[in-house]
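**Q** First the structure, which I've put down as structure tokens, then a few questions once you've had a look.
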Amino acid sequence: MPVTKGCTLAGIRIVPLVTKRENVLLAVQLAKAYSPIFEVKQYSPLPTGIIITGSEIFYGRVEDAFFPVLEKKLKRYGANLLGVTKCPDSVETILLSLEAFIKQGAKLVLFTGGMSVDADDVTPLAIRQSGAKMLCRGVAMQPGNMLTAAYLGKTLLLGVPGAALHFETTSLDIFLPRIFTNERLKKEDFQSLGEGGLCLGCKVCQYPKCYFGRK
């Protein structure tokens, strides 16, 4: 979970109010044996590219709404934004845009649009055809069940769920903190969040001070 300066991360007390010194020494011994008990990791300014897909956006019929949302989220982690590319619903064009970001050294590429199951939703197909190793297409989480993730070498390809336009916190926000600490995600990380994957839709979002995204 994301933490900020001044957060309480852990607490300890003796119950009852006093104990033998040998008990304290045993607790210290166990803590050393299983160290670290917890870690605080700094975010890394990952080189990041954004590919916005959708013929209606590419040809100017509809104004893109995803970039302002993603820009705000990425600023929290100090992402090194390499650029933003708009593509029509064309697998070939999307792959060319991806190749361009890979050549620039992108370690994270975010895709928006075309993530659902309509006939013209070709973004996940483009991710597959890039040769990337798929981790998931869809997760058992709400909101954000259409999250898609894959690795192309050391570069993470992340399909942003459409819900990110309408909800402050989605499955995307559960994984971004981990991504920006350079953690390499596994398929099990996505599968396991069927438990703890339901947002209660509070009137005022309190994330991360809630159970959303917790196993």
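Any read-out appearing in this document is the output of simple, stated calculations on the displayed coordinates, not a laboratory observation. In this text, all values refer to a predicted model and were calculated from it rather than measured experimentally. Using ideal geometry, Cβ is built from the backbone for each residue, glycine included, and neighbour counts are taken over all protein chains shown.
**Q** Taking loop as defined by DSSP and a crowding limit of 16 other beta carbons within 10 Å, which GluC sites (Glu not before Pro) in the range 1-80 fit?
**A** Listed in order of number, the matching sites are E39, E63.
**Q** Given K75/K103; K73/K203; K41/K187; K72/K187; K107/K187, which pairs have Cα atoms separated by over 25 Å?
**A** K72/K187
**Q** Could I ask something else about it? Gain in length, E63 to Q104, computed as 0.36 nm per residue apart minus the alpha-carbon separation, to one decimal in nm?
**A** 12.1 nm
**Q** For the range 77-128 and the range 158-178, what is the separation of their C-alpha centers, rounded to whole Å?
**A** Value for the Cα centre distance between the two parts: 16 Å.
**Q** Taking the 0 to 90 degree range and rounding to the nearest ten, how far is the long axis of helix 91-103 tilted relative to the main principal axis of the chain, both from C-alpha atoms?
**A** Helix 91-103 sits roughly 50 degrees off the main axis of the chain.
**Q** Could you point to the label whose value was computed as Rg and Dmax of the Cα atoms in Å for the structure here, given (i) 20.4, 74; (ii) 18.6, 60; (iii) 17.9, 55?
**A** Looking at Rg and Dmax of the Cα atoms in Å for this model, the match is (i).
**Q** On to the next question. If you rank V3, V84, V18, V28 by fewest surrounding Cβ atoms within 10 Å, what's the result?
**A** With the sparsest Cβ surroundings first, the list reads V18, V28, V3, V84.
**Q** Amide H of C199: which non-local residues (sequence gap of 5 or more, or other chain) have their own amide H closer than 5 Å, using H built in the peptide plane?
**A** Amide H neighbours of C199, under 5 Å, 5+ apart: Q142.
**Q** Going by a ≥ b ≥ c, the root eigenvalues of the Cα gyration tensor, does the range 57-156 fall in the rounded group (a/c under 1.5), the prolate group (a/b larger than b/c) or the oblate group?
**A** Judged from the Cα gyration tensor, the range 57-156 comes out rounded (a/c under 1.5).
**Q** Less than 22 Å apart at the alpha-carbon level, and either on another chain or at least 8 residues along: which lysines does that give for K20?
**A** K32
**Q** Relative to the first principal axis of the alpha-carbon coordinates of the chain, what is the inclination of helix 21-33, with its axis defined by its Cα atoms, in degrees from 0 to 90 and to the nearest 10?
**A** 20 degrees
**Q** If you don't mind, there's one more thing I want to ask. What are the ³J(HN,Hα) couplings of the range 65-77, residue after residue, when phi is run through the Karplus curve with 6.51, -1.76, 1.60 and θ = phi - 60°? Round to Hz, x for glycine and proline.
**A** Result, rounded to whole Hz: 10, 6, 4, x, 5, 5, 4, 5, 5, 5, 4, 4, 9.
**Q** Please rank V204, V117, fewest neighbouring Cβ atoms within 10 Å first, as an exposure proxy.
**A** V204, V117
**Q** Another one. Per the helix-only calculation at 222 nm, which mean residue ellipticity applies to the chain, given -39500 (n - 2.57) for every DSSP H run of n ≥ 4 and division by its residues, nearest 500 deg cm²/dmol?
**A** Mean residue ellipticity at 222 nm (helix-derived): -8000 deg cm²/dmol.
**Q** Please list, ordered by chain and number, the residues whose modelled amide H lies under 5 Å from the amide H of T85; skip anything fewer than 5 residues away on the same chain.
**A** When sequence neighbours closer than 5 places are left aside, the close amide H contacts are I50, I51, I52.
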